[in-house]
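Before any comments, here is the structure.
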């Protein structure tokens, strides 16, 4: 079984029992972008790989700028309450902060 299938299986089978009153919210069609589950203040959330999400948007016909903007406003910027997904930026994906559209800047 592939890693992404194991992650989705974990979310589906264990999620409801383990997380109880705080259901994990999923983005339809992005199972292959799940990298795990994180906790914040005792509340779980599914974590997606931001780079993979944007690449998926691009494979659906958007250019990089459109995909990044769509993701920023409609996915990472969408608060759905407790369980709203989080998005992981890997070190190799973080820029120097020269572009204001990037989520990270140098300190």
>> Highest mean first, how do 54-66, 23-35 rank when packing is the count of other Cβ atoms within 10 Å averaged over residues?
In response: 23-35, 54-66
> Modelled label-to-label distance, residue 10 and residue 89, 7 Å Cα→beta-carbon offset: nm?
Replying inline: 2.4
>> Suppose the chain between residue 25 and residue 78 were pulled fully straight at 0.36 nm per residue; how much longer would it get relative to their current alpha carbon spacing?
In response: 17.9 nm
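Read-outs: derived from the displayed coordinates by stated rules, not from any lab. In this text, all values refer to a predicted model and were calculated from it rather than measured experimentally. No Cβ is skipped: glycine too gets one built from the backbone with ideal geometry, and neighbour counts run over all protein chains shown.
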